[in-house]
1. Taking the mean number of other Cβ atoms within 10 Å as a proxy for protection, how do you rank 206-215, 79-88 from highest to lowest?
2. Bin by bin, in steps of 5 Å, what percent of the Cα pairs in segment 92-132 do you find, going until the bin that has the longest distance?
3. Over the Cα atoms, compute the radius of gyration (one decimal) and Dmax (the largest Cα-Cα distance, rounded to a whole number) for segment 168-226, in Å.
4. Report, for segment 176-226, the % of DSSP beta bridges that are antiparallel, rounded to 5.
5. Just how far, in whole angstrom, is segment 183-212 from segment 77-120 if you go by their alpha carbon centroids?
6. Kindly provide the pair-distance distribution of segment 87-162 built from C-alpha pairs, with 10 Å bins from 0 and whole-percent values in order of increasing distance.
7. State the volume of the convex hull built on the alpha-carbon positions of segment 71-226, expressed per residue in Å³ and rounded to an integer.
């Protein structure tokens, strides 16, 4: 029977050693050595891979399921889309709230305007009524004195009602000309020291609190010519 041997070569291909793999009894050398070791009370196992009869099953470590770079980008994209949806929802809610607030403010403002109009017009109704009575007196051929007194009374009542709502005439009598509240419609020569003084009021002016409604038209004194 032909002997089965193991030939060991170096890196250059030169034979270094030749060893038999089977003994004369038909067993491998490794088995013979293991049997002899058992007889002596210890066990020697040959771990040389080329002497193993069966190839050892190599169990590879299961690869961990790590996310790829593309999967990471997709996950980030999903997070950003979620944040964007939340921002859009919050913005729509804010716009809706602002619309409700604006509508409520407009309703409140309209109500305040109506109340203010009523407050302004109500005192003037008496003036309208008195003017109607004065017109009726004129149609009955009342004396001129009676008509004049009626007109004066209506005018005074109207001025009082205007003052109640904050409208007052611009003071001009004896005042120095003020271009902020007056308009010079005419001039007249005045004695020395009375230049720029209001000589006559030609058109009344009115202010609402500190706001000018209409400037007063006045005649202003100027220095004599020559």
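What follows draws every value from the coordinates through simple rules; no lab data is involved. The structure displayed is predicted, hence computed values, not measured ones. When we count neighbours, we look across all protein chains shown, and the Cβ atoms used for this are built from the backbone with ideal geometry, even at glycine.
1. 206-215, 79-88
2. 5, 21, 13, 13, 11, 9, 9, 6, 6, 4, 2, 1
3. 11.8, 43
4. Around 55 percent of the beta bridges assigned by DSSP in segment 176-226 are antiparallel ones.
5. With segment 77-120 and segment 183-212 each reduced to a Cα centre, they are spaced 50 Å.
6. Histogramming segment 87-162 at 10 Å steps yields 17, 24, 16, 13, 11, 9, 6, 3, 0 percent.
7. Enclosed volume per residue, from the Cα hull, is 232 Å³.
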